[in-house]
Amino acid sequence: MPRKFKSGEWVKVKRKLTSPKMQVIQYVPKKDSIFGLVDNDNYLECVWYKNGKRKSEVFHQNRLIKMIETSGLLKTFITNPKLSLT
């Protein structure tokens, strides 16, 4: 299965209204308990902040959706260039 997200993207858990907006850190390897195979392309480590404390958890990429807007230090501002004819 191809990777759906890149590091630094903002994501949220699907169908969960109270889930926090999280930032993708990296894909992490996860070992299957039954077959013992290592999966490198489906599990993401995500980080978010709650009450000033950093929280981190690993999610399967199919449980997440990409957020459009950004916030915090990574927010980008698009400015309109001023053109003058003189």
Filtered residues of the range 1-25 (kept if on the phi > 0 side of the Ramachandran plot and at pLDDT 90 or above): 8
Filtering the range 33-58 for residues that are on the phi > 0 side of the Ramachandran plot and either in contact (Cβ under 8 Å) with a residue 40 or more places away in the chain or open to solvent by less than 70 Å² (accessible area, probe 1.4 Å) (or both) leaves a count of 1
Go over the candidates 30, 4 one by one and state the one that is open to solvent by 60 Å² or more (accessible area, probe 1.4 Å) and under 14 Å from residue 63 (Cα atoms). 4
Report whether or not residue 36 is assigned to a loop (DSSP other than H, G, I, E, B) and under 9 Å from the mean Cα position of the chain (by Cα). no
What number of residues within the range 1-32 satisfy the criterion of being without any contact (Cβ under 8 Å) to a residue 12 or more places away in the chain and of a type in the set (Asp, Glu)? 1
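The values are calculated or read from the model by the stated rules, or taken from the named source; none is laboratory data. A quick note: this is a predicted structure, and the numbers were derived from the prediction, not measured. Every residue, glycine as well, gets a Cβ built from its backbone with ideal geometry; the counts of neighbours run over all protein chains shown. Note: accessible area is taken over every heavy atom of the protein model, side chains too, but ligands, DNA and RNA are not part of it. Shrake-Rupley method; radii C 1.70, N 1.55, O 1.52, S 1.80 Å.
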